Amino acid sequence: MGVRIRLGDKTLELIMGDITEQDTDAIVNAANERLIPGGGVDGAIHRRGGPSIAEEARRIGGCPTGQAVVTGAGQLKARYVIHAVGPIYRDGRSGEADLLASAYRESLKRARELNLASVAFPSLSTGAYGYPLEEAAPIALKTILSFLKENESPRLVRMVLWGEKAYEAYRKALVELAKKEGLELEEF
C-alpha cells in the first residue's frame, strides 16, 4: 500500500514500513552529529546492519547538522547507508526548516555522486529530535521533488514511514504538493 508521483522516468513514493528491510541502493539513516549509534531509526539500522557500519562511521568522525555522509550497509539489503543529520526542533524559527531541507538535499547529492538508482528515506528529525510531522513532511517532499526534477539520479526516492500517523501526515502533504504542482498521484 502506498502512493507515488511520477516525473518522467523518476518516481517519488510513500510507503508504510521498516527502513531496514528496503532493497534500494541506499537507505538514509537519521543520524546524530557524532555518528554514534543511537535509538529509533539509527539504532535499528545499526542493529540490523551489524558493527561494520559503526566502524566506518567512527573513521569518518562526525557530520554537521544539515549534511550527510556515506558508509557501507553491512548486512542490510541496501549497498550503502547515507547518514543524514537533521535538526533538533526548537521553535520552528531557529533555522530548522533550512537545515531539514539541507539534510534531505545533501543525502540526495551523495546518492547522485554514487550514481545510485534508488534511495529510501525515513522521516528525518521527527522522532527523538521532535520535529512535528505536519511541518516536516511538506519540507521533505518539496525538497525531494525539486531534486528529482533537476537531477538524473536517483530515479526512485521512497519515503518509508513508520506507523500510520507518519504515513498519513506525509500522504496529506503529498496530495497538497501534487495539486500545487499539477502532478498526478497514483495509488499502488
* Which far-off residues, 5 or more places away or on another chain, put their amide H under 5 Å from the one on GLY72, with H placed in the peptide plane? -> VAL81
* Structure fact -> Under the Karplus relation with 6.51, -1.76 and 1.60 and θ = phi - 60°, whole-Hz ³J(HN,Hα) for the range 89-106, x at Gly and Pro, equal 6, 10, 9, x, 10, 10, x, 4, 4, 5, 5, 5, 4, 5, 4, 5, 4, 5
* Residue by residue, what Karplus-based ³J(HN,Hα) values in Hz, rounded to whole numbers, does the range 59-66 have, using 6.51, -1.76 and 1.60 with θ = phi - 60° and x for Gly and Pro? -> 5, 5, x, x, 7, x, 4, x
* Lysine pairs with alpha-carbon atoms under 16 Å apart, the range 2-187, spacing 8 or more or separate chains -> 10
* Asked: Whose amide H sits under 5 Å from the amide H of VAL3, counting only residues 5 or more places off or on another chain, with H placed in the peptide plane?
  -> LEU14, PHE188
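Relative to the compact-globule scaling 2.2 N^0.38 Å, provide the ratio for the alpha-carbon radius of gyration of the chain.
Numbers: Rg = 15.1 Å, N = 188, 2.2 N^0.38 = 16.1 Å.
Rg over 2.2 N^0.38 Å, computed on Cα atoms: 0.94.
Which value, in debye to the nearest 20, describes the size of the charge dipole of the chain about its Cα centre when Lys and Arg Cβ atoms bear +1, Asp and Glu Cβ atoms bear -1, and nothing else is charged?
Details: 25 positive and 26 negative charges, 55 e Å.
The dipole magnitude comes to about 260 debye.
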* Structure fact -> The residues HIS46, HIS83, sorted from fewest to most surrounding Cβ atoms within 10 Å, come out as HIS46, HIS83
* **Residues whose placed amide H lies under 5 Å from that of LEU161, excluding near-sequence neighbours** => ILE15, MET16, GLY17
* Is it possible to state the helix-based mean residue ellipticity at 222 nm for the chain, with each DSSP H run of 4+ residues giving -39500 (n - 2.57), the sum divided by total residues, to the nearest 500 deg cm²/dmol? What is it? -> -13000 deg cm²/dmol
* For the range 1-53, state which GluC sites (Glu not before Pro) are in a DSSP loop and have at most 14 other beta carbons lying within 10 Å of their beta carbon. => GLU33
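Among DSSP beta bridges lying fully in the chain, give the percent that are antiparallel, nearest 5. Write out the running numbers ahead of the final one.
On the way: 14 of 31 bridges.
Rounded to the nearest five, the antiparallel share is 45 percent.
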* Structure fact -> Ranked on Cβ counts within 10 Å of their own Cβ, fewest leading, SER102, SER52, SER118 go SER52, SER118, SER102
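Here, each number is a calculation from the coordinates, and none is a lab measurement. Because the structure is a prediction, the values reported are computed rather than measured. So basically every Cβ, Gly included, is an ideal-geometry build from the backbone, and we count neighbours across all protein chains shown.
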